[in-house]
Amino acid sequence: MSKLILAIDQGTTSTRAIAFETAPEGGLRPVAVSQIELAQHFPHPGWVEHDAGEIWNATLQTCREVIRKAGGVGRFAAVGITNQRETSVMWDAATGEPLHRAIVWQDRRTADATGKLAAAGEEPGVQAATGLILDPYFSASKYAWLLDAVPGARARSEAGEVKLGTIECWLIWKLTGGASHVTDATNASRTSLMELTTREWRADLCDLFGVPMAALPEIRGCAALLGMCEASALGAALPIHGAAGDQQAALVGHGALKPGEAKITYGTGAFLVANVGATPVASSSRLLGTLGYAAAGQVAYALEGSIFSAGSAIQWLRDGLGVLEESRRSEAMAQGLKDNGGVYLVPGFTGLGAPWWAPDVRGAVVGLTRDSGPAHFVRAALESLAYQTRDLLDALEKDGAPPLEVLKVDGGVTANAWAMQFVADVCGVTVERPAFQEMTALGAAKLAALGVGLIGDLEDHPVEAPARWQPRMGADERDRLLKGWRAAVKAAIVAVP
Ligand code: ADP
């Protein structure tokens, strides 16, 4: 009987476990899944917290259920973990109890702290070492906040009594009964404390952010042995042999392993990760430099850009404006118009992400006439996904990233074929959607399967052919639309009070 991989996908809104088996034709396929929703805490405006204890309990529960569904722990060879990135946990090394709620990646409470560092001229140095800009998004300022917020934590962390880590690190600690305080290099690359080229913590960055190195985990490769589970956790001493942050895991899941291959996940927001090859590319257009993966002697760096509002614009049309009964209806409504009627929607509900990084911009709709109706709003929202993607691809090109031939997509919005065709048209690239959509969990499973020797490489071996959209819009039409979009973004930026 084939051996299975247990993939843990600890996301922002839920915790999932998926069992994968090796398929006869190569690659991995899912055999069982379990999922539990995660409570969100908003103690102040701009603050977002998770209960790390709840995350651990949900992980145990979903893993145990999947193991049972898949025929028992004896069938499993290894565990792989993928996780919401940057979310920061602090716990007591002796008791294994969290000392504060986890600070979630979306949390803006450290905006002043990172703003001060930027004002002091620290950004170029941080960016050169880590690939990241100065922003509360990343873990370092969250760690410092936690150490200052809990009395005695800072002193105890210097003595090794208090531990810090991102979510995979927390789960590895718990699964190994405190034997492993370990992170993988992709998660470490999101802290602002790891140097991209050496993949080691930098003492000067730890000093700059006020995070003692003694409290940080050891950095290992994404398919390395990260720890052995205590038998009491899952029923056997399974090795944890893979870990990567969610967007990087999706890159691996898609098999975007060569320079010039990229994936974008269109969910609530959208995340583009483009493989740039074995050496980091410094961005001059405010994309993030990050590690794609480091596994089995292969290292791939990536450039990343985030779109804050993607599917959430469709949610707003449905739940806020009430012009859609269901997200699915957006496809027929957009298709029903012969063109966009000159209407553009800039979905700056929570500011604009890369390449603008304009947190104060708000949403805008421009070009309304007496003919404009609900369908124009819907079409403009779907079109905005493509325009924002194009902005990211232009930024990649400006940064000298290898030219892109295929854009691999996943996430809820990719169910919309009209929107995917529009992305292909506006971006001038082939868009490819795999039949199996759980790219994040698949990536974690592939890394663990590689680590434990169940598969020989990270190549993708899809059972079913992907859906494909080829660009077919003329250059004149594309240029006209992009001009309209850029004017709308300018209007939204000018409108900031
Ligand atoms: P997340 O992982 O961020 O929760 P999902 O990948 O599950 O997101 O995608 C959910 C998003 O996809 C929602 O914002 C929803 O509005 C959008 N969505 C779902 N179906 C469609 C569709 N057919 N057309 C456009 N958007 C859609």
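For the chain, report the accessible area per residue in Å² (1.4 Å probe, heavy atoms, rounded to an integer).
Details: 18690 Å² over 497 residues.
Dividing the accessible area of the chain by its residue count gives 38 Å².
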Which value in nm describes the separation of the simple spin-label points at residue 325 and residue 337, placed 7 Å from the Cα toward the beta carbon?
2.1 nm
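What does the charge add up to near residue 82, with Lys and Arg as +1, Asp and Glu as -1, over the other residues with Cβ less than 11 Å from its Cβ? Present the calculation step by step, with values, prior to reporting the outcome.
Working: positive: 16, 85, 446; negative: 9, 168, 184, 246, 438.
It works out to a net charge of -2.
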Along the positive direction of the dipole of the chain (beta-carbon charges: Lys, Arg +1; Asp, Glu -1; about the Cα centre), which of 40, 211, 382 reaches farthest?
382
Normalise the Debye intensity by I(0) for the chain, one equal point scatterer per Cα, no solvent, then take log10 at q = 0.07, 0.11 Å⁻¹ and round to two decimals.
-0.36, -0.91
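From the helices alone, meaning DSSP H stretches of at least four residues, give me the mean residue ellipticity at 222 nm for the chain, per-run term -39500 (n - 2.57), in deg cm²/dmol to the nearest 500. Provide the component values of the computation, followed by the final result.
Working: 16 runs with 166 residues, N = 497.
Per the formula, -10000 deg cm²/dmol.
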Only Lys, Arg (+1) and Asp, Glu (-1) charged, at Cβ; the chain dipole about Cα centre in debye
580 debye
Whole-number Å³ per residue for the convex hull built on Cα positions in region 97-149
84 Å³
What translational diffusion coefficient, to the nearest whole µm²/s, does region 4-247 have by Stokes-Einstein, given a Kirkwood radius computed over alpha-carbon pairs, a temperature of 20 °C and 1.002 mPa s viscosity?
118 µm²/s
Neighbourhood net charge (12 Å Cβ-Cβ; Lys/Arg +1, Asp/Glu -1) for residue 245
-4
Please compare each pair in 408/490; 116/490; 3/446; 408/483; 338/490 to a cut-off of 18 Å on the Cα-Cα distance and tell me which ones are over it.
408/490; 116/490; 408/483; 338/490
Can you work out the Karplus-derived ³J(HN,Hα) for every residue in region 411-425? Use 6.51 cos²θ - 1.76 cosθ + 1.60 with θ = phi - 60°, whole Hz, and x for glycine or proline.
x, x, 5, 6, 5, 8, 5, 4, 5, 5, 5, 5, 4, 4, 5
Got a sec to turn the phi values of region 204-220 into Karplus ³J(HN,Hα) couplings, 6.51 cos²θ - 1.76 cosθ + 1.60 with θ = phi - 60°, whole Hz, x for Gly and Pro?
5, 6, 4, 5, 4, 8, x, 10, x, 4, 4, 8, 8, x, 6, 8, 10
Farthest positive-ward along the chain dipole, Cα basis, beta-carbon charges - from 268, 441, 227:
268
Count charges around residue 461 for me, please; just the other residues with Cβ under 12 Å from its Cβ, Lys/Arg as +1, Asp/Glu as -1.
-3
Which of the peptides 278-285, 88-95 is most tightly packed, and how do the rest follow, going by the mean number of other Cβ atoms within 10 Å of each residue?
88-95, 278-285
Got a sec to turn the phi values of region 283-293 into Karplus ³J(HN,Hα) couplings, 6.51 cos²θ - 1.76 cosθ + 1.60 with θ = phi - 60°, whole Hz, x for Gly and Pro?
8, 9, 10, 6, 7, 9, x, 8, 8, x, 6
So how tilted is helix 374-398 from the main axis of the chain? Cα-based, degrees 0 to 90, rounded to 10.
60 degrees
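Of the listed peptides 224-236, 318-330, 183-195, what is their order by residue-averaged count of other C-beta atoms within 10 Å, with the highest listed first? Don't skip to the end; give the middle numbers.
Details: 224-236: 18.5, 318-330: 14.4, 183-195: 28.5.
Order by mean packing, descending: 183-195, 224-236, 318-330.
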Taking the convex hull of Cα positions in region 243-282, its mean projected area over all directions (nm²)
3.3 nm²
Check residue 292: other-chain or 5+ apart residues with amide H under 5 Å from its amide H, H built from backbone geometry?
300, 301, 302
What is the distance in Å between the Cα centres of region 80-129 and region 275-337?
22 Å
Across every pair of different alpha-carbon atoms, what Kirkwood hydrodynamic radius in Å does region 352-408 reach?
13.6 Å
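Among 380-390, 357-367, what's the highest-first ranking by average C-beta atoms within 10 angstrom per residue? Let's see the in-between values first.
On the way: 380-390: 25.5, 357-367: 16.5.
So the order, starting with the most tightly packed, is 380-390, 357-367.
The values are calculated or read from the model by the stated rules, or taken from the named source; none is laboratory data. A quick note: this is a predicted structure, and the numbers were derived from the prediction, not measured. In this analysis, Cβ positions are derived from the backbone assuming ideal geometry, glycine residues included, and neighbour counts consider all displayed protein chains. Heads up: the accessible areas ignore ligands, DNA and RNA and are worked out on the full protein's heavy atoms, side chains in. Shrake-Rupley method; radii C 1.70, N 1.55, O 1.52, S 1.80 Å.
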